[in-house]
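K.L.:
Before we start, here is the structure in question, set down as C-alpha cells.
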Amino acid sequence: MKAYNIQWDTDGDLDVFLSLPNEIKIPDGMVDEDEISDYISDQTGWCHYRLDVLEGCEDNPVYRKEIQEIRKELSEIQEYIKTELF
C-alpha cells in the first residue's frame, strides 16, 4: 500500500516542500487513517493536510504509468515554482 498525492504543510518553505516525497510506502497491516497519517509524519518530520492511499497496486502496470505521469506533472510544477515564482 502507498500514500500518494500528499499535500504537505511546510509553512510555505519551498526548499522543504521540494525535498519531501511524492509518495510513501505504508507498512503491511496499517489500515487506520490516523495511524497512516501519524506514520507519515513520523517518517518525514512534517505534517500534511491530506493524502490518498492506493492498496495492492504496486505491481499493476496501469498504476506505474499513472504514477510516472503524476511525477512528470509534479516536476513541471516544481520547476515553474522555482523559476517563475521565486
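The values are calculated or read from the model by the stated rules, or taken from the named source; none is laboratory data. What you see is a predicted model, and the numbers here were worked out from it, not measured in a lab. In this analysis, Cβ positions are derived from the backbone assuming ideal geometry, glycine residues included, and neighbour counts consider all displayed protein chains.
K.L.:
Looking at segment 14-38 only, could you name the residues that are out of contact with any helix residue (DSSP H, G or I) (no Cβ under 7 Å at 6 or more places or on another chain) and aliphatic (A, V, I, L, M)?
P.N.:
Answer for segment 14-38, where residues must be out of contact with any helix residue (DSSP H, G or I) (no Cβ under 7 Å at 6 or more places or on another chain) and aliphatic (A, V, I, L, M): 16, 31, 36.
K.L.:
With the structure loaded, tell me whether residue 75 is under 14 Å from the mean Cα position of the chain (by Cα), modelled with pLDDT under 90 and of a type in the set (Ser, Thr, Tyr) or whether it fails that test.
P.N.:
Numbers: under 14 Å from the mean Cα position of the chain (by Cα): yes; modelled with pLDDT under 90: yes; of a type in the set (Ser, Thr, Tyr): yes.
Yes.
K.L.:
Take the residues of segment 39-72 that are of a type in the set (Gly, Ala, Ser) and out of contact with any Cys (no Cβ under 8 Å at 6 or more places or on another chain): which is modelled with the highest pLDDT?
P.N.:
First, the residues of segment 39-72 that are of a type in the set (Gly, Ala, Ser): 41, 45, 56.
Of the ones still in play, those that are also out of contact with any Cys (no Cβ under 8 Å at 6 or more places or on another chain) are 45, 56.
Values: 45: 96, 56: 71.
Checking each candidate, the answer is 45.
K.L.:
Also, quick follow-up: Kindly indicate whether residue 41 is among the hydroxyl-bearing types (Ser, Thr, Tyr), farther than 22 Å from residue 85 by Cβ and within 13 Å of the chain's Cα centre (by Cα). Give the derivation first.
P.N.:
On the way: among the hydroxyl-bearing types (Ser, Thr, Tyr): yes; farther than 22 Å from residue 85 by Cβ: yes; within 13 Å of the chain's Cα centre (by Cα): yes.
Yes.
K.L.:
When you scan the chain for helices (runs of 4 or more DSSP H) that lie fully inside it, which ones turn up with 2 or more residues that are surrounded by fewer than 10 Cβ atoms within 10 Å (Cβ to Cβ)?
P.N.:
Details: elements: 14-19, 33-44, 61-80.
So the answer is 33-44, 61-80.
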